[in-house]
Amino acid sequence: MERKIIIPPAIFVIGLWLFFSGGAAACLSGQETDSHRPDVYPEYELNIALAFDKHAIGVHEKMTVVNRTRATWERLVFCVTQAVHPSVFTLDRFALSIQKEAQTVTPSIRRSMLTVDLPRPVRPGEEAEAEIDYRLNVRKLDQYEIHPAGNLGYGAHVLQAGDCFATLTPFDPDRGFREWEYAPVGDPYIYPLAGYDVRLSAEPGVTVAAAGLAEHKGNDWRFSLERARSFAFTASRYYDVARRLVGDIPVSFYYVKGFERQAKVVLQTAAESLDLFGSLYGPYPGKELVIGQNAYSSAMEYSSFITVAHTYIRDYTPAKPQLLLSLVAHEISHQWWYDAVGSDQVMEPWLDESLAKYSEYLYFRAYRPPLAEWWEANIAVRRPDDTFIDDSIYDLADSTRTYSRVIYGLAPAFLRDLRKTIGEDEFIAFLRDYYTSGAGRFMTAADFFDVLSRHTDADITPLLRNYFRKPPNIIAEKPQGDGL
Ligand SMILES: [Zn+2]
């Protein structure tokens, strides 16, 4: 995810960075160890009826999953983030079958979790299928609203629908399907890889932006995604689209008419980011990149799809381009650090956000060196009392400002100091290895330091003590000399 808080223009000028917004017991590794077929790989069929003018979305969802774990499932858990807003989410129907036999179940919704205790377990090798009908009453957003609350909403020109579909939570071999509390900061959701087959209909004159376009005829679209962490779309009556081929990656930017100059900037930044991150981290994980102008002041990452803040597009000037450029580069880097390499965004939010934030620096250093200095100055935030980068979203939930300072300021500062300590070449080699090792999986802080230990013998203990509440014990665990 991402971020950002925008504050009214006067404050905005003063140092917006300070207000940037942007999850341990992670224990998510283990269920996606097979790079070809995760043990738990839900397949979603979404039939979406978008009533754009009425700001309403009806969803008929079918989720099919086969238990390829060794565990017996007693309970299924879905993330229904929008249910935290009772006026937004309405569940109309939930039906479940196991091995094609209909089951009588009573789903329970508490905050953002929909749980179903199974009348009979789903054993290894068996299939469960859930049909879920629900309505989303899309909320009008203030233009300065941010995530996560604003991920579903509409503004003057655009309706955005992100983090609003019922998704099976990650499976933990020790705890079953994960359950977590919603928090109003950061990205309070965790997505396992899944397949999406989406049919969407809207009124005439509405343009829909989303990844995985397979068919488009009149008012009907079909989108298909494999190994995706999420599906989201934006829609508008005012969209135009600018396209560019970057290597073999088609890039599309759906922008509100009138922002043609910004469209060129966004596409150029996207092309540069794809080139740079592909060369630094490894091949782009998707088949395309779709970008949609949204209706609030955050930008957000989804699979092969990102949204870019309306306010950042509107306020772009060539004399002060850094906010829009950093936002686009940041979101694109999430295709590596979120979509490909998953992490627990609830308990270890620093893992993907520090890398995405640091990617902004690498982008500026490569293409706009003077702005790299601006970036460094802007992560030099005052550390909120008793905060560390390995804090969860709950530790940082008292304010978006606290979350932002820690996750978008301190966490990338740790990476900057790490690079300085271990050396440039070693740092980039580590990032490549972390990407290669983590693609298609969930990675934890322990995995992060395990990969890091393959690339350096430098003593990073002072760094760990400074930045981490629970400093990883990687130095002590490493063999010391030959033991004699
Ligand atoms: Zn982010």
Note to self: Of everything in segment 388-414, what is of a type outside the set (Phe, Trp, Tyr) and open to solvent by 10 Å² or more (accessible area, probe 1.4 Å)? Give them in sequence order.
What the structure shows: Asp390, Asp395, Ala397, Asp398, Ser399, Thr400, Arg401, Thr402, Arg405, Leu410
Margin query: If a residue counts only when it is within 16 Å of the ligand (Cβ to nearest atom), which helices (runs of 4 or more DSSP H) contained entirely in segment 301-391 have at least 2 such residues?
Written below: 322-333, 350-367, 369-379
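Results for (1) in contact with a strand residue (DSSP E or B) (Cβ under 9 Å, 6 or more places away or on another chain); (2) hydroxyl-bearing (Ser, Thr, Tyr); (3) open to solvent by less than 20 Å² (accessible area, probe 1.4 Å), shown as yes or no for each residue.
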| residue | (1), (2), (3) |
| --- | --- |
| Gly212 | yes, no, yes |
| His216 | yes, no, no |
| Trp221 | yes, no, yes |
| Ala228 | yes, no, yes |
| Ala232 | yes, no, yes |
| Ser236 | yes, yes, yes |
| Arg244 | yes, no, no |
Next item on the list: Spot the failing condition for Lys54; the list is (1) at pLDDT 50 or above; (2) within 16 Å of the ligand (Cβ to nearest atom); (3) not β-branched (Val, Ile, Thr), and only one is missed.
Entry: (2)
Checklist line | From Tyr312, Tyr281, residue being within 26 Å of Met443 (Cβ to Cβ) and open to solvent by less than 10 Å² (accessible area, probe 1.4 Å) | finding: Tyr281
Note to self: For segment 86-187, give me every one of the strands (runs of 3 or more DSSP E) that falls completely inside it and has 3 or more residues that are in contact with a strand residue (DSSP E or B) (Cβ under 9 Å, 6 or more places away or on another chain) and over 28 Å from Asp39 (Cβ atoms).
What the structure shows: 89-98, 127-137, 152-154, 158-161
Notebook entry, point to check: For segment 187-202, does any single residue satisfy the condition of being closer than 24 Å to Ser399 by Cβ and touching a His at 6+ places or on another chain (Cβ under 9 Å)?
Noted result: yes
Next item on the list: Look through Phe94, Phe177 and report the one residue that is among the aromatic types (Phe, Trp, Tyr) and open to solvent by 20 Å² or more (accessible area, probe 1.4 Å).
Entry: Phe94
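The values are calculated or read from the model by the stated rules, or taken from the named source; none is laboratory data. Values in this document were obtained by computation on a predicted structure and should not be read as measured data. For neighbour counting, all protein chains shown are included, and Cβ atoms are generated from backbone atoms with ideal geometry for every residue, glycine included. In case anyone asks, the SASA skips ligands and DNA or RNA and just uses the protein heavy atoms, side chains included. Shrake-Rupley method; radii C 1.70, N 1.55, O 1.52, S 1.80 Å.
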